[in-house]
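Please read the structure below before turning to the comments.
The values are calculated or read from the model by the stated rules, or taken from the named source; none is laboratory data. This structure is a prediction, so every number in the text was calculated from the model and none was measured. No Cβ is skipped: glycine too gets one built from the backbone with ideal geometry, and neighbour counts run over all protein chains shown. Accessible surface areas use protein heavy atoms only, side chains included; no ligands, DNA or RNA. Shrake-Rupley method; radii C 1.70, N 1.55, O 1.52, S 1.80 Å.
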Amino acid sequence: MWWRSPSFILDKQQSDTVPHQRNPPDTLPLPLPSQPPFSMADTLQNPSPENNISAYYQTRAAHHAVVTGDWLAQAQAAIGRDPDDSTDTTVATVAGKPFSVIDEFNSWRKQPELAEAVAAIRALAAVIRNCQATTMMELEIELKKASDSLKSGDTTSISLTAGCDLFMRYVTRTSALEYEDFDSAKSRLIERAEKFGEISCKARRIIAMLSQDFIFDGCTILVHGFSRVVFEVLKTAAQSKKLFRVFCTEGRPDRSGLRLSNELAKLDVPVKLLIDSAVAYTMDEVDMVFVGADGVVESGGIINMMGTFQIALVAHSMNKPVYVAAESYKFARLYPLDQKDMVPALCPIDFGVPIPSKVEVETSARDYTPPQYLTLLFTDLGVLTPSVVSDELIQLYL
Amino acid sequence: MDPRRAPRTVSDPKVRKVGFFTDPPDRSLPGPPDHPISSFPTSPPSTIDNSPPSAGNSLSPVMIPPPRHSSSILSPLRRDPAEFFPLPASPTASTSFSDDVASTMKGRGVAAASSSLPGGLFFYIAAIKSAASSVPASGLTTVSVVNNLPIEKGGGVAVEMQDDQSSRSKSLKEKTTKAERRALQEAQRAAKATAKAEDGKTPAAASGGAASVKSGKSVKPPPSQKNDSAALAALEKKAGDRPPEKDRKKEVPQPRMQFDDKSRVEKAKRRAVVKQTEARNRVELFRHLPQYERGTQRTELRSKFFELDPVHPAVYKVGLQYLYGDICGSNARCIAMLQAFQEAIKDYSTPSKKTLARDLTAKIGSYLSFLIECRPLSISMGNAIRFLKNRIAKLPLTLSELEAKATLRSDIDRFINEKIILADKVIVKHAVTKISDGDVLLTYGSPSAVEMVLLHAHELGKQFRVVVVDSRPKLEGQLLLHRLVGKGINCTYTHVNAISYIMHEVTRVFLGASSVLSNGTVYSKVGTACVAMVAHAFRVPVLVCCEAYKFHERVQLDSLCSNELGDPDVISKIHGREDINFLDGSTNSENLQLLNLIYDATPSDYISMIITDYGMVPPTSVPVIVRDYRREHLWI
């Protein structure tokens, strides 16, 4: 089962037409995107995604001028997600602040490859730098306020909250603070903050390197949604000349799977698109499932884009490994007991036809996958089993 | 998995028969005539016979007598003198080798007997430690020796089995004086130590792979005490790098008393303050647990009140309350005990020529043994006592007696406040977040932490319903029900029999725990496992509320090896229902064994979350908390 014969590679070598035949699906969403005005279509058609992403966020910021709900959640895991999902909560209170962590945060976030938690960490580091405080206590209070305002900007974003909390822990819990004078202590703090920002930045590379051992030639990988970490993993694998193929789910409602398939096709990775409901149908061909995570919770389970739980269940029942790629700043002190036991993150779903008002629509954007359905977590702390997550969290927070 | 399990289930009943309660014919039957000890003259050759095969790998099952034979367990020991000790120190130089063994064993037996029951093992562990070898096998053999002695010494049933041998050895024993025996024993121990130092892995190496398997087999099956102590010895060696020698001894959990070990029970009885009659018909599988006739205890205690001078009145009162069941619930028991100790410390004065630290520890030890006689300690109490003893040991010598006492009392206060009361508050704070409007919560028995959670959630105005599941004989749930209904919470009351019926409407199960063990097993009131399993089958999350001071580093897989037996009468009789008390006349019948277990162990698979003062953690994280915070518990 593991070392499936890589016949499809041979196929590919025989006829290089396969990737070309692949292309039509890429163009397939073209007629669709008319509905979400500035979403998938733009990203898909744009030759350079990098520029596009930032532009995308810029327009987004220009349109709303606030930190909106789901946008933050998407910034890290699914860039191409449906932008209309956010309940566009009027968090105008946050924008009203004079120095603004938020501005800083937003400016950091414009960097396309920067996860929002890292952006938040950078913004908080800037807070320390610009702080007028003269005592340690003042500085800490200010930092606390800044992180609170960042967090309140979006309560649904797990990684933002977790990143802020972790930063506070990491920066303020240094023994050097007690006996030094304020300036040196402050510079120590800044140093630590920078270091933490660096670590967070490198996380994705580390994860990509760690996961290479698990991708073998000839394997078939099922991917759900668009996660930058997973993409990095696949990209690294492709660059190191591994031969594998990828099944992308469509990733309704925001169709982020389309984006991933597009990106992968550019790297000449054989990729096949599935509709979300075809997961069980194709699972026997799949060797491993790779997913990202919005947040990793204390039980070792993950909160991720809707449909992850379903895929994990199918994979589990067919004895396929489910791997999660997640940076350690997504570790959150949450412990959902079941699917409803989470802060709801809603997104509107476009069904293509008008839905009668009497019909209720489930609009939840993510689900919780319990740890028993996950095989391993690739994090920058190493390759962990789900039960280690709690150990790490206890060590981080207690 | 299966191949491993099968032999265990087969050997288990046999294991229980190692206890000296079964009738002798049973055990002597499988004993082949070529039994090494069976006749004296053949004994030396048979020892030689015994050790070479164990050195070689060709051990046939025929050669090795089954583990229940005392001799087979002895064989490692018998080998020892043969190798290291060619009978020089023996006063009667002409005495044969087996005499040697017998006398050494006698000596050891005396040593084991003279030290108190848990200490008896430490004697040997100390010996092992001094040997500085790190072979678990050696630990096993040594320990097995200890456990065997009762057979030699305590005669009883064993005598019948090997009567001529023992009578001979007895007569031989009389020849050697006590001093000689001790000298012999000393010498032997030294020889053993040096031998071990020479080639670290002696026993294993000498006996080869098969032999080590054999010794493992011969030692493992006997009841958990051996396992415990063997594991303990191994643990002690492994932990070698960490704490200094002295601390190590304290850290190792003491082996529990096994009540199917007759000689030990006898010894314990001699020291006992309260005379207790043991119940006659006990269930085979639970013979290692103490069970007494309830009625006799009470009158005995009452009549002895004025004779019991070593026991402080406060401790005495708490002990009686335990005995009568007036205080139950592990938190309540722990707090009551600590407060009694506080009183006792207040009234304590160091006798002249003694130091406070030592004398007080001894004193508390004697109080403890009184409390244990009233009711076995719970794990939480054990942890609290560990804390207290640690505090006493760490008292600075410079403190005056008054100051020392004041420190101790405030330490106890702090323990109660921080580890129990505050911890409960934190637990409540966490648990309430898991209750949402419209929930149906199920609880079993009357766990104090869960009650606080429910009341607090009600105060916060959450709309929920509670199902209180209860079980005979204590019916503690009715108390909880009474209090909840009094607060205006909507409740349903049912017995555990209806659990599968009621479970489908439940959204959360909240349970209390007497202890959480480091493999995530929850040790709690009997019936908890059943509730958790049914909940798991219905996909209802099971939340366990437990303060972190109740966590224990022990690992337990079933609820057999450590448990508590309650009064069997309460399950055979129903108060006030004469018409259905069918068992009235037959409780003393030989064929009827009543089993009233107090605790059971819930495997961690059935538990979704443990709510503790360190937050909400999965059961897999219990060892992390135990590892990281045990020190903190002890020192706070």
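Annotations
- Across the cross-link table entries B:317/B:389; A:144/B:419; B:317/B:405; A:202/A:330; A:272/A:340, which are compared at the Cα atoms, the separations over 23 Å belong to A:144/B:419; A:272/A:340.
- In the context of the full protein assembly, residue B:458 retains an accessible surface of approximately 60 Å², using a probe radius of 1.4 Å and ignoring ligands and nucleic acids.
- Association of chains A and B removes close to 1300 square angstrom of accessible area from solvent, both sides included, for a probe radius of 1.4 Å.
- For the range A:215-396: rounded, prolate or oblate by the Cα gyration tensor [a/c cutoff 1.5]: oblate
- Long-range amide H partners of residue A:331 with built H, under 5 Å: A:296
- Per-atom-type breakdown for the range A:188-300 gives carbon and sulfur 55% of the accessible area (1.4 Å probe, protein chains only).
- Links that overshoot a 20 Å alpha carbon limit, given the list B:474/B:573; B:525/B:550; A:241/A:266; B:462/B:525: B:462/B:525
- Contact residues in the range A:309-340 (at least 40 Å² less accessible area with all protein chains than alone, 1.4 Å probe): A:335, A:337.
- Both radii are taken from the alpha-carbon atoms of the range B:369-506; with Rh as the Kirkwood radius, Rg/Rh is 1.13.
- Loop-located trypsin sites (Lys or Arg not before Pro) in the range A:333-398 (DSSP state other than H, G, I, E, B) with a sparse environment of at most 15 neighbouring Cβ atoms within 10 Å: A:340, A:358.
- Sparsely packed loop sites in the range A:139-248 (the GluC sites (Glu not before Pro) outside DSSP H, G, I, E and B with at most 14 other Cβ atoms within 10 Å) comprise A:178, A:180.
- Expressed as a fraction of 2.2 N^0.38 Å, the C-alpha radius of gyration for the range B:437-506 is 1.03.
- Net charge of Cβ neighbours under 9 Å - reference residue B:517; Lys, Arg +1; Asp, Glu -1: 0
- Estimated from the Cβ-Cβ distance and a Förster radius of 45 angstrom, the FRET efficiency linking residue B:410 and residue A:190 is about 0.60.
- Take each residue in B:617-626, count the other chain C-beta atoms within 10 Å of its C-beta, and the mean is 6.
- Per residue, the solvent-accessible area of the range A:215-396 (1.4 Å probe, heavy atoms of protein chains only, all protein chains present) comes to 35 Å².
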